[in-house]
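One structure, as structure tokens, below. Some questions next.
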């Protein structure tokens, strides 16, 4: 079984630090617009690690940890990915060079929780049954929660994945030229394989993550399989080296201070036009195309978005010429714009 989170952390040295206030993390700290990338570096093998202390106002220094293996993670527009039909509620989709290139991971996030809904690739689609979310928001020091999901591995075999989490520390993480204010999460992972509902194999791991505003998990540790000691001395270490979030395209006519469906361009059109809209605050947005009878003929977007200006290309190759309408539903408002398809 492939372990996606092959991550752990190394030598840790405590430094004097002035008293800081602990941070709170929200869904906005984990949201990434399509086109964003993150460069992750991994030890690739088990190396000496030290998790440091739990508690308030800690400092961790990982500058000299060796992570020779690089991975690139990318975020995609959900509706443009090949398996979106199996995950219609997903509003974040990622791929990674750590996995097979054709593997898409489907995530769903709102202001209260984050789920992994499943994955899709040429080898199959795996839909996760999440009885409890991966993370609950807001996230604060001493929060505790369970993350539980399961999925079929084919036939009568099912994998159950359960993690007991606690935010056991907060403070400052120093890694090279980067300094982050972080919450630290300790996780105990249980992976249980069952056949026709009867468990036959259990593997456990300890996982640590240092989570910073905007960046998400900037450093992580993963133990060997079935490690008994949570403060293990040898494990895997991963760090985030670079995060590039796509800038929302600025709107020169109206800054995003209100919900607005901007004029389509071109309009009339054949066969494509660009639809743009503004989001003054984070929330769910639905952009759809309807015909004269009020029937939906296309869904351009349905999911959670952060504040900004968004653009979506509507392609009407398979539609007859005539009158259509773009409809934006966001912030308890609905706006409609007439579109003319010339064929």
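Any idea which residue in the range 101-116 is nearest to residue 282 (Cα to Cα), counting only those that are in a loop (DSSP other than H, G, I, E, B) and free of Cβ contacts under 8 Å to residues at least 40 places away in the same chain?
Taking the candidates together, the pick is 103.
Among the listed residues 214, 252, 258, identify the single one that is modelled with pLDDT under 90, in contact with a helix residue (DSSP H, G or I) (Cβ under 9 Å, 6 or more places away or on another chain) and more than 19 Å from residue 65 (Cα to Cα).
None of the other options fit; the residue is 214.
Regarding the range 77-91, can at least one residue be identified that is modelled with pLDDT under 90 and under 29 Å from residue 204 (Cα atoms)?
No, the range 77-91 contains no residue that is modelled with pLDDT under 90 and under 29 Å from residue 204 (Cα atoms).
From 144, 77, 150, which residue is free of Cβ contacts under 8 Å to residues at least 40 places away in the same chain and surrounded by 14 or more Cβ atoms within 10 Å (Cβ to Cβ)?
Testing whether each residue is free of Cβ contacts under 8 Å to residues at least 40 places away in the same chain and surrounded by 14 or more Cβ atoms within 10 Å (Cβ to Cβ) leaves just 150.
For the range 299-321, give me the residue count where each residue is part of a strand (DSSP E or B), crowded, with 17+ Cβ neighbours inside 10 Å and more than 24 Å from the chain's Cα centre (by Cα).
1
The values are calculated or read from the model by the stated rules, or taken from the named source; none is laboratory data. The shown structure was predicted, so the numbers you read here are calculated from the model rather than taken from an experiment. Counting neighbours? That spans all protein chains shown, and the Cβs are built from the backbone with ideal geometry, glycine included.
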